[in-house]
Structures are given as C-alpha cells and as structure tokens.
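Written below as structure tokens is the structure these notes are about.
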Amino acid sequence: MNLEKIMNDLEKKHPGEVEYLQAVREVLESLEEVVDQNPQFEAAGIIDRLIEPDRVLTFKVPWVDDNGKVHVNLGYRVQFNNAIGPYKGGLRFHPSVNLSILKFLGFEQIFKNSLTTLPMGGGKGGSDFDPKGKSDAEIMRFCQSFMLELWHLIGPETDVPAGDIGVGGKEIGFMYGMYKKLAREHVGVLTGKGLNWGGSLIRPEATGFGAVYFAQEMLGTKDTDFSGKTVAVSGFGNVAWGAISKITELGGKVVTISGPDGYIHDPEGFDVEKINYLLELRASNQDIVKPYSYEFPSAQFFAGKRPWEVKCDVALPCATQNELGKEDAENLVNNGCMCVAEGANMPSTPEAVDVFKKHKILFGPGKAVNAGGVATSGLEMTQNSMKIAWGREEVDARLHEIMKNIHNACVTHGTQEDGYIDYVRGANIAGFLKVANAMMDQGVV
Ligand code: NDP
Ligand code: 2IT
C-alpha cells in the first residue's frame, strides 16, 4: 500500500478537511502490513472504497426563535459504509460542525462499530446549530426542522442516528416525535430514546461505563485497577458523567472536569453529591464549569487551561477532538500517568499519541474505549426488533462483555514482540478485517 500517494490524492480531492485526513492517515498507518499481506484487498480497491463515504447529504435547516427571528443552519448526514449493517452513528449539534469533522467521525465509526461485534455500519451527522442558551421551544423547533429533511434518508434497517455532542435525550425525543409523525411508524429509527418509548436502560451511562470497563482491562494487563487511583477527566457531558460515576464506584478518585472555559481541580475528588450538583449546573444550560468552585471550596478553577497539567495515574479525555496535544502528553507522562483512555473521539493529537507510545504507557484510542455507547445503541436496536425491554443488569452485563471482547481483539492484533500492546494498531486492524472481508464477499458496490 502506498500510504503517501493515497493521502496526497485524498488531500487533493478534499483540501483543508484536516480532521478527516488526520483520521484516515491514523487508520491507514496501522493497516499497511495487513493490506500488503492480503493482495486481494488491493485488487478489489478496498482501501479506495473505504476512505470515501458512500454518500454525503447536506440540507438547509430553517427555524424560528422565540422572538420570531428566522435562522438558517446547515444539516448533514454522512453515510460512510454499510458493509456489515445499516449505517449507525450519532448526530452532533455544535457551532464547530463541518463536513471534515463529520467525515472523520463517520470514518472512525466504521471500525468502532465493527469492533462491537454487532451488525452496524458507520455514519455520522449533525448541524452547526448551537443548543447553548436556547429555550426548549427553540430546540424543539430546530429538531423538527432538521428531521423534516433527515427522515427521507434514515430508517431502522437503513440508517439509525443517535446522540453525540449537543444531542441528548431531549433532542432525540423531539426528533423522534417528528419522524413518527412523518413516517407514521413507531420503529427503532433512533437510539438513545426515552425509556417509556423504546429506549434502553444503561444507554445514557453506556459510553462512560464502557470506557471505564475498557480502562479496567487495560490496567489489568499491569495487574492493577482503579482502586485508589487518581484520575483526570476532561469535559463534563454525557460521556464524562458516566465515566466519573463508574470510576468513583470502583474506588478511583476523579480530581478534574473541564468545559470550554477551563478546568476544575478538586483534590478531594468527586462524590455523588458533587456529581449531582454538576448535573444541575448542566441542566441550567450554562456553558461553564466555574460555578462549581464557588459551591465546593476544595476546588479551584483554572481559566482557559486544560486538566492535563494535573498529576494523575489515569487520564480520560472525554470532551472533544484534538484537546490533548504533545505538551499535554509530555506533562502527563512526566507526572507519572500510566494509562490514557479516550472517552471522546480522537481527543489526542497524533503527536500526543507518539509521546504515549514512545514511553510505552497504556494508551486506548477512542474507537475502542468509547465503543460502549454505540454498542448499547446496538442493544437498543435488538430490543426494539424483538419488542422487549431487558433489565438494567442484563444490559450492563452485555456491555461489560462487549468491552472485554474489544479489549481482547486489541490484544490479539496489537501485541508487539516486546509485549507492549499497541491498542491503536490492534483496534484498527480488528475493526478493518471484518469490514474488508464483508466488502470482498459483496462485490464492487
Ligand atoms: P456532551 O455534549 O454531552 O458533552 C461534551 C463535553 O465536552 C461538554 O463538557 C462540553 O463542555 C465539552 N466540550 C465540547 N466542545 C468543547 C470544546 N471545543 N472545547 C472544550 N470542551 C468542549 O457530549 P458527549 O459527552 O456525548 O461527547 C463527548 C465526546 O465523546 C465527543 O468526542 C463524542 O464524539 C464522544 N462520544 C460520545 C458518545 C455518546 O454516546 N454520547 C459515544 C462515543 C463517543 P460544555 O458543555 O460546557 O460546552
Ligand atoms: O461516537 C459515537 O460512537 C456516538 N456518538 C454514539 C453513536 C450511536 O449510534 O450510539
């Protein structure tokens, strides 16, 4: 495989799509050997077909705010690959959303979904709409307008969106209501639904819980666990909340959270009371974590900074892409951090990943670590198809088992001669092989 030629050609076709190009390069770097060992993949153009989405859909989303003013946002759905199942992946509502970000997320989703062992292809979508500071009525009108276009493109066996940054249970509810009205069908077309109307227990917690189950397996390779460990977490959204709750339950001490405005350092660690206060803060639709430091005097707020300068044993970046750079990685390593597990998608820059690998610390990439969210979405789809609802323990046990299996797949495909587990390589190869072989079976389509 000629990696540089593939990347040059891709860059010429999609100039400036930096996140997309970054994600493709990272995966292809891991696959060079496997592709060279399997000439049938090259002959069938597997890589060329895999790195371009099947289709990209863009649409206009007009909506009216509470003052009667009209706004126009852009909506997208990137249907990347459906070799092993219907397109599946979240919707992101954030002002930074553009095609490059959604293509990177959709591309990553192909391999992540393959790793879950469930039949799901890869997709992603969203809008540059900013839910921050909007009333519920405004969010509802936006979601309804978004679905007026999206509903043509999706279906329970075609493409099944879910949440991501800026899209939680509330937004899924508003979108589902409009889909149901248009399609006149009550089907599992979205995941992350409310418990009373087809949602699955554990789905809200799943990404964070899954990330911690995966990190637990990573620590297990060094004969240790979360008990007594100091943990730095970034973000305080859906993923960070689930992770903090589970780490705390397992006896770990989470000492940081962050928002776009800076981070909080609480050396005493977060407990249930503090987590509940943080949930209240988020529900108040504020975009800052600063008020926490007024409520709990043990905590200090560091404006405009990221938590990676704090001494910790384990780090879980759970906010957004490229939030942990080379210097941050060096700080973590120098402070004795032994394990970095990515709750977010691609939060570490390639330079940061190089630092972790050079120092041979445990590093789990997002597509493996955070796969518990979409895996539980897959379990929600199964329950919808069977028209049953599993109990909390059952879903949690299945999630836990899936995360262990993903860890095993990474170990199988990523263990180096000196025993170091290259989880990036392991996850990419394991995720790729299943999709590539399915594409081989299905001909050139
Ligand atoms: P949320 O919207 O619930 O939370 C996002 C968090 O990240 C918030 O704390 C937010 O702060 C912070 N954040 C967002 N953008 C920035 C930024 N530019 N700079 C600094 N902080 C930022 O999203 P999720 O928790 O769902 O998603 C977090 C990450 O996890 C994303 O990378 C997502 O793709 C990934 N993920 C999510 C899954 C899911 O099931 N939800 C599954 C797998 C991965 P604030 O709210 O204050 O803006
Ligand atoms: O990045 C992700 O895996 C998600 N946002 C969850 C996708 C899903 O379909 O549950």
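The values are calculated or read from the model by the stated rules, or taken from the named source; none is laboratory data. This one's a predicted model, so the numbers in the text were calculated from it and none came from an experiment. Every residue, glycine as well, gets a Cβ built from its backbone with ideal geometry; the counts of neighbours run over all protein chains shown. Note: accessible area is taken over every heavy atom of the protein model, side chains too, but ligands, DNA and RNA are not part of it. Shrake-Rupley method; radii C 1.70, N 1.55, O 1.52, S 1.80 Å.
Within the range 292-309, residues that are more than 17 Å from P260 (Cβ to Cβ) and among the acidic types (D, E) have Cβ atoms under 8 Å from residues that are modelled with pLDDT under 95 and surrounded by fewer than 20 Cβ atoms within 10 Å (Cβ to Cβ) in these pairs: E295/Y277, counting only partners at least 6 apart in sequence or on another chain. In the range 356-397, the residue that is nearest to L316 (Cα to Cα) out of those that are touching a strand residue (DSSP E or B) at 6+ places or on another chain (Cβ under 9 Å) and more than 16 Å from ligand 1 (Cβ to nearest atom) is F363. For the range 311-319, does any single residue satisfy the condition of being on the phi > 0 side of the Ramachandran plot, within 11 Å of ligand 1 (Cβ to nearest atom) and in contact with a strand residue (DSSP E or B) (Cβ under 6 Å, 6 or more places away or on another chain)? No; the residues of the range 311-319 include none that is on the phi > 0 side of the Ramachandran plot, within 11 Å of ligand 1 (Cβ to nearest atom) and in contact with a strand residue (DSSP E or B) (Cβ under 6 Å, 6 or more places away or on another chain).
Screening A44 on (1) more than 16 Å from ligand 2 (Cβ to nearest atom); (2) open to solvent by 10 Å² or more (accessible area, probe 1.4 Å); (3) touching a Leu at 6+ places or on another chain (Cβ under 7 Å); (4) of a type outside the set (V, I, T) shows it passes everything except condition (3).
Here's the yes/no breakdown for (1) at pLDDT 95 or above; (2) of a type in the set (S, T, Y); (3) over 30 Å from F104 (Cβ atoms); (4) open to solvent by 50 Å² or more (accessible area, probe 1.4 Å):
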site	(1), (2), (3), (4)
D261	no, no, no, no
V289	no, no, no, no
Y294	no, yes, yes, yes
K305	yes, no, no, yes
V310	yes, no, no, no
A319	yes, no, no, no
L324	yes, no, no, no
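Scan the range 141-178 for residues that are open to solvent by less than 10 Å² (accessible area, probe 1.4 Å) and not hydrophobic (A, V, I, L, M, F, W, C) and the total you get is 4. Count, please, the residues in the range 236-253 that happen to be farther than 15 Å from Y277 by Cα and either in a strand (DSSP E or B) or within 16 Å of ligand 1 (Cβ to nearest atom) (or both). Of the residues in that region, 5 qualify. Report yes if D418 is farther than 19 Å from M120 by Cα, crowded, with 16+ Cβ neighbours inside 10 Å and at pLDDT 95 or above, otherwise no. No: the conditions fail for D418.
Taking first residues from the range 206-228 that are open to solvent by less than 20 Å² (accessible area, probe 1.4 Å) and partners that are more than 16 Å from ligand 2 (Cβ to nearest atom) and of a type in the set (S, T, N, Q), the Cβ contacts under 7 Å between residues at least 6 apart in sequence or on separate chains come to G208/S245; F226/Q216.
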